[in-house]
Each structure stands twice: as C-alpha cells, then as structure tokens.
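Every number in this text was worked out from the coordinates using simple rules, so none of it is lab data. Small disclaimer: the values here were computed from a predicted structure and weren't measured. Note that each Cβ is placed from the backbone with ideal geometry, even for glycine, and that neighbours are counted across all protein chains shown.
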Amino acid sequence: MAQHQLRASPQTVRIGVFDASYPPIMTIESGDTVEVQCVSGRPDVLPPSSAGLKPPPELEAIIAANQSAPLAAPTAHAEMMPAGHLAANVPLPGAGRRLH
C-alpha cells in the first residue's frame, strides 16, 4: 500500500469545470493512501488584506492562473472499471475541534 500526496497547484487543480475527459493527475491502487491538499476561495470571497490573513501561496497561484473557483483534478484507480464506484475513507483531522 503506497502513500501519495496530491498538492494543490495550477497543474493539479481544474478551474471551474470537472470533466471526465481530463487525464488523471495520478493513478492509485486499492489500499493506497492519498493525502489531498485542499484550498478554497476566489478573489471576491477572500478576506481583505487589511484583515491580516493571507491565502496560501498555492491558492494565489491557482487564482492567478485562472480567475474561477478551484476544483480538484481527477485521479485514476488502476483497477476501476467504467461506471465503477469508488469508496473513500476520509479522516477529518481536528473534527469537532473549534478553530479560533
């Protein structure tokens, strides 16, 4: 069982559209673990610079590449058949923890 990381970047995030014709960013095997970096936001909903908050550099690069809302790029499962189903276990670090 391999471990993979899918980092957010203009090369790994599709902007404003999700289409099965896009080639996968990576191919995984059953039992592999994929850590996906998530970023969210577009210029009109980000906090103003006066708030003292700065978006992560990955999000800034994605926004600069295309002015729309980011969507994750597709991944492929080596054993997936057309019209197959993928089950994913998604642990939520800090679930139930209050963020300040």
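Of all residues in the range 22-66 being charged (D, E, K, R) and part of a helix (DSSP H, G or I), which is farthest from THR12 (Cα to Cα)?
First, the residues of the range 22-66 that are charged (D, E, K, R): 29, 32, 35, 42, 44, 54, 58, 60.
Still in the list and also part of a helix (DSSP H, G or I): 44, 58, 60.
Working: ASP44: 22, GLU58: 11, GLU60: 14 Å.
By that ranking, first place goes to ASP44.
Filter the range 15-61 down to the residues that are farther than 20 Å from HIS4 by Cβ, among the β-branched types (Val, Ile, Thr) and either within 15 Å of the chain's Cα centre (by Cα) or surrounded by 13 or more Cβ atoms within 10 Å (Cβ to Cβ) (or both) and list them by number.
Hits for the range 15-61 are ILE15, VAL17.
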